[in-house]
1. Taking 25 Å as R0, compute the FRET efficiency from the Cβ-Cβ separation of residue 269 and residue 301 and round it to 0.05.
2. For Cα pairs less than 8 Å apart in space and 6+ apart in sequence, what is the mean separation divided by the residue count of the stretch 213-325, i.e. the relative contact order in percent?
3. Give me the three principal axis extents of the stretch 230-287 from the C-alpha atoms, as integers in angstrom, largest value leading.
4. For residue 146 and residue 233, what does the FRET efficiency come to when R0 = 45 Å and r is the distance between their Cβ atoms, rounded to the nearest 0.05?
5. Quick one: among 137, 396, 223, which has the greatest mean-square fluctuation in a GNM of the chain with alpha-carbon springs under 10 angstrom?
6. Can you tell which of 57, 301, 92 shows the greatest fluctuation in a Gaussian network model of the chain with Cα springs below 10 Å?
7. Would you mind getting me the FRET efficiency between residue 209 and residue 153? Use the beta-carbon distance for r and R0 = 30 Å, nearest 0.05.
8. If I take all pairs of Cα atoms in the stretch 213-325, what percentage of them are more than 25 Å from each other?
Ligand code: HGY
Ligand code: MN
Ligand code: MN
């Protein structure tokens, strides 16, 4: 069996990573920040201790490699991301990286060399909090990084190009993070479910079938700022009341259709004073669905209805697509091998789609992808209340290790 897997150590390490935050008392760790550097350093140390050779790639991802029976063999890639949302939980991303390291430590402890290499990757940007563009780390590895992203800037006006330099990386060499197809056998990620399904079924783990597609927009409404005491209500061009109506229209559209979800998660009002009619509002829209056609139809409808709302109110609307990801299907042969690992560990089998986005969305351009979900408390995520149990963490790590040990790239279909 697998006595060398230490679930307590996985949880301790998630706690240690949670201390790498821009503020004490809550967890926020964005791409190319000093906190990401500290977290990456911890991960590199743990990878080394687990018997891997380590490096940081050209976009800031950390990578550990455990050679197979023959050195230089193509790799099974495991991992997840090390960046977080604002005021995040401790497990979204980190659990996948730390569990994969624990599995490699178990291989090392048993001096078990496999017919392939195992690599663990901690992606430096998945959430896209800092530059608005998500999956920067995995896109670079998959070779789909858009050079135009280098000109994206953060809230302080620092461009990605500058931030890479400040971090000690060379923006001109980002292309070197890309891997060749013949170097990678598959990408498999363990992640908390971030939803309530496994808990409702009383299951510790589940095998993912596909990652839902997503489109994200930056929306700006331009009205006319004015004096809150002097401009009569019927003569106003209030950008915020228009935005409020748009937000409700977004909600209504998503409520009207099963499986479609739409979220306005960020809204800024300018100039933002108690006695000024808002002249400008910027907000984000995150639209997701399990079918690309459904998401695209909702996007078209929303663009039309938001334009109509703004037209009636005499304010101008611009909608910019920040990113668009089609649904990413998990490979049947990887699902089968994950199923086999779940069953071999004595857990009931359940397959489910992922409503949340993951690095696999980018990695599928490079190789086949698979995912294993671990139950989390009440399905809560992107929230400091994110929680997992020691038993479920152990179950996830055991299944992942079993999967690695029995991984058969020959079964690729
Ligand atoms: O937003 C997402 O789905 C993910 O957590 N990055
Ligand atoms: Mn997340
Ligand atoms: Mn995540």
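1. Details: r = 26 Å, r/R0 = 1.03.
With a Förster radius of 25 Å, E is 0.45.
2. Values: 219 pairs, mean separation 51.6, N = 113.
Relative contact order for the stretch 213-325 comes out at 46 percent.
3. Result for the stretch 230-287: principal-axis Cα extents of 45, 22, 13 Å.
4. 0.50
5. 223
6. Most flexible of the set in this elastic network: 301.
7. 0.20
8. Numbers: 1520 of 6328 pairs.
Across the stretch 213-325, Cα pairs with separations above 25 Å total 24 percent.
Read the figures in this text as sums done on the coordinates, not as results from a lab. Keep in mind the model is a prediction, meaning the values are calculated, not measured. As a convention, Cβ positions derive from the backbone with ideal geometry for all residues, glycine included, and neighbour counts pool all protein chains shown.
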